[in-house]
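Notes to accompany the following structure.
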Amino acid sequence: MTRNTRLTLAMILLVILVMIVGIAVNRNIGRPAASGAPVDKAVLVREDSHRLSTAPDGKVTLVEFLDFECEACRAVHPSITEILDTYQGRITFVVRYFPISSHPNAELAARAAQAAAEQGRFPQMYAALFDNQEQWGHQNTPQTDRFVGYARDLGLDVDRFRQDLDAPATARRVAADRADGETVGVRGTPTFFLNGRELTGVRTQSDMIAAIDAALAG
């Protein structure tokens, strides 16, 4: 086989591969959100898991495993905020920590959120971390002082916040959330579960709303 023949065959194989990938992508466009296999709900939502919204009837529960330093999590945050405003009291929304090891301040940010939770201000720190991610995200040095500043702005007891931030119990709490995530198959963030099944194929806020509405109607 000549060199030109090998190059020609390689080009043909490349074109075929591109066509196959294109067909697979196009088939997924416009499909409704799909659900994966059910997971253990006792692992998915713990008694001490943080809830930003609670539905008295318990019919619909949406769980997000997130990383506060994850840009995709930050990008979806405004949509989640709007969904919570729209469905407040109609769905239970649960936040679980899943810091990614390649993000230098992700675990520290999760501990900051948990330290704020110890003073009853988890929702406020949750919002502050996402709203200010561009300031502290992807920094090679620990952003402790910045997180302490957020705590001060939120009116927290700063000395207690510092203690809780560094407490072994706080680190264990964050690690427990991540371990639960790994148990239910989380590999990246954000990952959503609706009524015990992982949501797949969700690309827009409309996709998420459609999935929630279907669950409410079911």
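Looking for whichever is surrounded by 15 or more Cβ atoms within 10 Å (Cβ to Cβ) and more than 19 Å from R51 (Cα to Cα) here; the options are G155, G137. Which one fits?
After ruling out the rest, the residue left standing is G137.
Return the only residue of R90, R111, R51, R96 being in contact with a Ser or Thr (Cβ under 9 Å, 6 or more places away or on another chain) and farther than 22 Å from L194 by Cα.
None of the others qualify; the one that does is R111.
Name the pairs: first residue in the stretch 173-197 and open to solvent by less than 30 Å² (accessible area, probe 1.4 Å), second residue outside any helix (DSSP H, G or I) and among the basic types (K, R), Cβ to Cβ under 8 Å, at least 6 apart or on different chains?
Pairs found: D177/R96; D180/R46; D180/R96; G181/R96.
Which residue pairs have Cβ atoms under 6 Å apart, sit 6 or more places apart or on different chains, and have a first residue in the stretch 116-131 that is touching a residue at least 60 places away in the same chain (Cβ under 8 Å) and a second that is open to solvent by less than 50 Å² (accessible area, probe 1.4 Å) and not aliphatic (A, V, I, L, M)?
F122/H50; L129/F68; F130/H77
Of all residues being part of a loop (DSSP other than H, G, I, E, B) and open to solvent by 40 Å² or more (accessible area, probe 1.4 Å) in the stretch 104-131, which is nearest to L66 (Cα to Cα)? Just the residue, please.
Only one residue fits best here, namely P104.
The values are calculated or read from the model by the stated rules, or taken from the named source; none is laboratory data. Please read these numbers as outputs of a predicted model, since none were measured by experiment. Note that each Cβ is placed from the backbone with ideal geometry, even for glycine, and that neighbours are counted across all protein chains shown. Surface accessibility is based on the protein's heavy atoms, side chains included, excluding ligands, DNA and RNA. Shrake-Rupley method; radii C 1.70, N 1.55, O 1.52, S 1.80 Å.
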